[in-house]
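Let me begin by presenting the structure, written as structure tokens, before commenting on it.
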Amino acid sequence: MLSIRKLQHLLNHQRGQGMVEMALLMCFAVAVVVGVNWDSFKESMGIPYLRMAKRVGMNTSTTNPVDISAYATMPTSELRQIDNAERIAADKATMTALGEFLLTLNKSDIANLFPGTKESRWTGTDGSGKPGVALFDYCIENAGDNGEALKVKLRHNDAGYLSNQQAIQWLQGNYDKNTEPYKGNKSEIVSNRFFYSNDAIDPRPQAHLTKGEQSATLWAAFTFDSGGDVTSVKLSMSRSYQENGNSGAWKRTNCEGLTDVVVSK
């Protein structure tokens with residue numbers, strides 16, 4: 001079990017760090033209260049947590065982490081057997097690590113990454129009801145159950161979307177702000193997921209909507225200082241459904257635990 005002495009050492013080591021680090025330490029405090037083993041805690045969070053912990057200078061070398069990459073390809077029915085709270089935590093850690101990278105951008109970078117968009121879209125204040133600019137958009141074509149292959153369709157990126165492949169690189173921790181506008185095929189299919197919690201993997205439309213096209217979208221809304229540098233980024237994941245088939249209006253709901261994840265300087 002994580003001892004009070006170890007927690008105190010971590011707190012002393014991290015003194016003066018930002019809110020992201022403090023959030024991690026709060027997790028450790030919870031681990032102490034509920035008696036969670038430190039090694040098991042790291043295993044449940046997996047690679048995204050460890051990447052974020054490493055980014056803020058935290059020692060995570062007490063054991064080798066469990067590789068949760070299997071979550072990306074296992075059938076949905078098997079993935080759902082893993083506690084959803086653990087999968088939400090892994091997704092949120094990935095989003096937070098991405099947010100730490102996005103803090104290094106400025107308005108010029110964002111204009112290059114999202115050509116054709118206005119600053120009001122970057123800040124989520126354009127009146128469209130969308131929570132910022134879309135980083136990544138996909139839908140589950142096949143859940144991978146009953147012996148069938150998992151299929152995830154990377155949706156067509158209209159103006160305002162980052163390149164799908166660039167977004168994937170970011171989600172995997174390979175950060176590079178140099179990219180070209182999206183020119184890919186609307187029907188591009190991949191055989192792995194990028195998020196693992198229930199709302200992010202569910203291919204079904206809402207019960208009150210006629211079955212139609214559905215997707216999951218990762219959004220970012222930025223704030224800037226007077227020099228144009230990003231000072232905070234709010235990340236949200238939502239599910240969207242096209243009512244009454246492909247000709248209907250789009251409806252949007254928030255993904256549990258993955259809304260308004262704020263990372264700031």
Checked against (1) touching a residue at least 24 places away in the same chain (Cβ under 8 Å); (2) outside any helix (DSSP H, G or I); (3) over 18 Å from the mean Cα position of the chain (by Cα); (4) exposed (fewer than 14 other Cβ atoms within 10 Å of the Cβ), residue 128 satisfies every condition except (1)
Residues of the range 131-155 being in contact with a Gly (Cβ under 8 Å, 6 or more places away or on another chain) and modelled with pLDDT under 85, in sequence order, are 154
In the range 156-178, residues that are modelled with pLDDT under 75, touching a Gly at 6+ places or on another chain (Cβ under 7 Å) and surrounded by 14 or more Cβ atoms within 10 Å (Cβ to Cβ) total 1
Hey, does the range 75-83 have a residue that's at pLDDT 90 or above, part of a helix (DSSP H, G or I), out of contact with any strand residue (DSSP E or B) (no Cβ under 6 Å at 6 or more places or on another chain) and of a type in the set (A, V, I, L, M, F, W, C)?
yes
Flagged pairs (Cβ under 7 angstrom, 6 or more apart or on separate chains; first in the range 99-120, free of Cβ contacts under 8 Å to residues at least 40 places away in the same chain; second not hydroxyl-bearing (Ser, Thr, Tyr)) are 118/126; 120/126
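The values are calculated or read from the model by the stated rules, or taken from the named source; none is laboratory data. Worth saying up front: this structure is predicted, and the values here are computed from it rather than measured. Every residue, glycine among them, receives a Cβ derived from its backbone with ideal geometry; neighbour counts consider all protein chains shown.
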